[in-house]
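A short write-up of the structure that comes next.
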Amino acid sequence: MRGQGRSASEILAHARRSARKQDEFSRGGFHFVAVSDHILESQCAHEGAGDMQCSRCRFEMSLRLPELPEMVFPNNALTIEFTKFAVLLEKFVPITGSFISFNALDALKMVSPDVLPDVQVAPSSAWQESRQGIVEKTAHPFDWTFTTKYAGTVHGCKVEPTDLTVDMERLKRQEPIGFYSQVTLYEDELADHGTSQVSHVMFSLSFKGGVHCFIVRF
């Protein structure tokens, strides 16, 4: 029987390797890579603590959040690399090796670890009132909706303010989509009180003909 005699850890490792999916697309000086992989482990597989090779440890040690979203995808990422030349402000600018990436760890770093969100689910007021003493002593206020202000991680290039706006008329053009990908970074169902759409971060990439434009939406 295939797989007989393999340990649970070996089977789990094989499942993780099989879960990885990578899509790539290059056009007009841009190289796009979208990676979808397995969910974050619920507990460490090693003895002791503080092993940065362990994804669980890396997230818990790098973040100040008292807890993580229910579903975190540590290896999921969207990367946009500028290869050779890219068109910026109607000029060809050499920026080889520069790229923008979107990943779960950096997105969670932008979640407030010490400020409650300005939102409440229906039962929250009654629950807090009945347990006010306990809440005041033990609660660690943080943004439990995991709302992030994350706009990507930049490597090898400088971010500068601009007065340019999105050309909405250009986006309305009916042009073929050369590449599309959706990547989930993390998600939380807010204890069955509904899913926070902001915490379910999705990246959709559309490349519309030639080097006209690409769109990152989340």
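When His140 is tested against (1) at pLDDT 85 or above; (2) within 20 Å of Leu190 (Cα to Cα); (3) not charged (D, E, K, R), only condition (1) is not met. Given (1) of a type in the set (Ser, Thr, Tyr); (2) surrounded by 14 or more Cβ atoms within 10 Å (Cβ to Cβ); (3) at pLDDT below 70, identify the lone condition not met by Ser124. Exception for Ser124: condition (2). Just one of the listed residues (Ala49, Ala45, Ala104) is modelled with pLDDT of 90 or more and not basic (Lys, Arg), and it is Ala104. List pairs: first residue in segment 9-38 and closer than 18 Å to Asn75 by Cβ, second residue at pLDDT below 80 and in a helix (DSSP H, G or I) anywhere in the structure, Cβ distance under 7 angstrom, at least six positions apart or on different chains. Sorted first by the residue in segment 9-38, then by its partner, the pairs are His38/Arg16. Can you name the residue in segment 22-42 that is part of a loop (DSSP other than H, G, I, E, B) and touching a Ser or Thr at 6+ places or on another chain (Cβ under 8 Å) and, of all such residues, is modelled with the lowest pLDDT? Here the residue is Gly29.
Which ones in segment 57-86 are of a type outside the set (S, T, N, Q), outside any loop (DSSP other than H, G, I, E, B) and more than 14 Å from Glu187 (Cα to Cα)?
Step one: filter segment 57-86 for residues of a type outside the set (S, T, N, Q), giving 57-61, 63-74, 77-78, 80-82, 84-86.
When the remaining residues are screened for being outside any loop (DSSP other than H, G, I, E, B), the result is 57-61, 71-72, 77-78, 80-82, 85-86.
Listed by number, the residues that qualify are Cys57, Arg58, Phe59, Glu60, Met61, Ala77, Leu78, Ile80, Glu81, Phe82, Phe85, Ala86.
The values are calculated or read from the model by the stated rules, or taken from the named source; none is laboratory data. Computed from a prediction, not measured in an experiment: that's the story for all the values here. When we count neighbours, we look across all protein chains shown, and the Cβ atoms used for this are built from the backbone with ideal geometry, even at glycine.
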